[in-house]
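Report on one structure; see the data block that follows.
The values are calculated or read from the model by the stated rules, or taken from the named source; none is laboratory data. What you see is a predicted model; the values in this text were computed from it and never measured. Every residue, glycine as well, gets a Cβ built from its backbone with ideal geometry; the counts of neighbours run over all protein chains shown. What goes into the accessible areas is simple: the full protein's heavy atoms, side chains included, and nothing from ligands, DNA or RNA. Shrake-Rupley method; radii C 1.70, N 1.55, O 1.52, S 1.80 Å.
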Amino acid sequence: MSKITRRKAIYLGSTALAATVAAKTLAQPPTLKDYASKKGLIYGSAGAYSKLSQDQEFADRFIQECAILTPENDLKWKHIHPQPNQYNFSRGDWLLKFAQHHRLKMRGHTLVWHSALPNWVKETVNSQTAEATLRDHINTVAGHYRGKIHSWDVVNEAILVENEHPLGLRKTPWFEWLGEDYIELAFRAAAEADPNALLFYNDYGLDYDNNYEEKRRNAVLKLLERLKAKGTPIHGLGLQAHLSGANTRFNAEKLRQFLAYVASLDLKIMVTELDVADQRLPYDHLERDQRVADVYEMYLSTVLDEPNVIGVVTWGLSDRYTWLSGFRPREDKKPVRVLPLDQELKPKLAWESMVKVFQSDSFVLTKPPLIPRSRFLSSISEIA
Ligand code: 9MR
């Protein structure tokens, strides 16, 4: 409510309603999206149709905290393209309306992934039909949401170094049918279908200082370099950032260098799926929340130092709904505490850490000097 309207409400304050509305508006404290936007960043969360449409209290909180929504599952192949000639946009459309109505932007997740594929894909597609199938899907889905999507995760998780491909590529069905070109093809098709969306490559396991993630970072960089060299319409790298509170192998300088290289390819960066698993952390809430919060702070203060980073999306907003409850449960079977808000939708220390980083001037947006490329990137043969 603007100042004038607020004053008017108090002046007309004979009605209890006006007073209540004014008090409520005045009492509304800033939220993550407000702190982020003061730094020129966008903050949001993944959310599912099944939760946002059923849980009003959660949906209300979601729109207070978030400026962008990523459909957690509802745009994946399995849900949106359940049969070869059948598309189901109902849940995606509901989420888009919800976002638009509450002035949130929407991300698109995801056009090409090896997972969440409906059975018909593996049963009926072959190397002769794969290109047409992929093009049809991208044209139809990205075309349906043309002009409405902030950024698409066009290709998700195309790197898997243990597959021992010389370039570190994952042997997904699309790769088996079309070779590496499926990636470029997907970006070109997405650019045609929605010329206004930012087009992202999205992947996990790029965060920690160990050999495995070092190989993954190298493979991702090389992939991005090849795509850029071919003039592929790609605009950014999505860092999923599924972190772990128990992992101590964090090296701010290495991660910062990696991001500087990505930025030097003229790519934006977005944290797309941030959460901090609490397996192997103490049960005690204070201790656990503190460690989880420290990881949020450590990670974000490093990543937000890179000026090409445009936003942060957490993979869920509240511990009430998180994939980690099922996929990374605690050993003691107690509820996980991995997101900014607790199950009651109250801010936790993780929320405070995020605010602290968004408010901080310590990331002063200066690029560190790049170390020579030869020292940073291992040779192609070292990737696999
Ligand atoms: O959180 C998502 C979970 O509900 C789904 O069952 C799963 C399979 O579709 O995908 C989860 O989200 C994943 C995301 O789409 C890609 N990066 C990893 C995420 C966590 O597994």
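Could you please find all residues in the range 130-175 being hydroxyl-bearing (Ser, Thr, Tyr) and either within 16 Å of the ligand (Cβ to nearest atom) or open to solvent by less than 10 Å² (accessible area, probe 1.4 Å) (or both)?
Tyr145, Ser151, Thr172
If Met106 meets every condition in (1) crowded, with 18+ Cβ neighbours inside 10 Å; (2) closer than 30 Å to Ile63 by Cβ; (3) out of contact with any Ser or Thr (no Cβ under 9 Å at 6 or more places or on another chain) apart from one, which number is that one?
(3)
Let me spell it out: the conditions are (1) open to solvent by less than 20 Å² (accessible area, probe 1.4 Å); (2) within 20 Å of the chain's Cα centre (by Cα), and Pro118 meets all of them except one. Which number is the exception?
(2)
Would you be able to say whether some residue in the range 225-241 is more than 14 Å from the chain's Cα centre (by Cα), closer than 25 Å to Glu344 by Cβ and open to solvent by less than 20 Å² (accessible area, probe 1.4 Å)?
no
How many of the residues making up the range 190-220 are under 26 Å from Thr70 (Cβ atoms), surrounded by fewer than 22 Cβ atoms within 10 Å (Cβ to Cβ), away from the ligand (no atom under 16 Å from the Cβ) and in contact (Cβ under 8 Å) with a residue 60 or more places away in the chain?
Total satisfying the criteria: 1.
Which condition number does Thr232 fail, the rest of (1) under 27 Å from Glu331 (Cα atoms); (2) more than 16 Å from the ligand (Cβ to nearest atom); (3) polar (S, T, N, Q) being met?
(1)
So in the range 68-89, with the set limited to residues that are open to solvent by 70 Å² or more (accessible area, probe 1.4 Å) and more than 12 Å from the ligand (Cβ to nearest atom), which one is farthest from Tyr49 (Cα to Cα)?
Out of the qualifying residues, it is Asn85.
Among the listed residues Pro71, Pro118, which satisfies the condition of being over 19 Å from Phe175 (Cβ atoms) and out of contact with any Asp or Glu (no Cβ under 9 Å at 6 or more places or on another chain)?
Pro71
Where in the range 201-281 are the strands (runs of 3 or more DSSP E), entirely inside, with at least 2 residues that are modelled with pLDDT under 95 and of a type in the set (D, E, K, R)?
Strands (runs of 3 or more DSSP E) meeting the threshold: none at all.
Output the qualifying pairs, or none if there are none: Cβ atoms under 6 angstrom, residues six or more apart or on different chains, first residue in the range 145-167 and part of a helix (DSSP H, G or I), second residue open to solvent by 10 Å² or more (accessible area, probe 1.4 Å) and more than 15 Å from the ligand (Cβ to nearest atom).
Val161/Lys215; Val161/Ala384; Asn163/Lys171
Restricting attention to the range 93-115, report how many residues are within 16 Å of the ligand (Cβ to nearest atom) and either touching a strand residue (DSSP E or B) at 6+ places or on another chain (Cβ under 6 Å) or of a type in the set (S, T, N, Q) (or both).
Number of matching residues: 10.
Across the range 299-329, what is the number of residues that are in contact with a strand residue (DSSP E or B) (Cβ under 9 Å, 6 or more places away or on another chain) and either of a type in the set (A, V, I, L, M) or away from the ligand (no atom under 16 Å from the Cβ) (or both)?
13
Using the structure shown, decide if Val336 is within 16 Å of the ligand (Cβ to nearest atom), buried (at least 21 other Cβ atoms within 10 Å of the Cβ) and farther than 12 Å from Leu274 by Cβ.
Judged against the criteria, Val336 is a match.
Say whether the condition of being modelled with pLDDT of 95 or more and either touching a helix residue (DSSP H, G or I) at 6+ places or on another chain (Cβ under 8 Å) or away from the ligand (no atom under 16 Å from the Cβ) (or both) is met by at least one residue in the range 10-21.
The answer is no, given that none of the residues of the range 10-21 is modelled with pLDDT of 95 or more and either touching a helix residue (DSSP H, G or I) at 6+ places or on another chain (Cβ under 8 Å) or away from the ligand (no atom under 16 Å from the Cβ) (or both).
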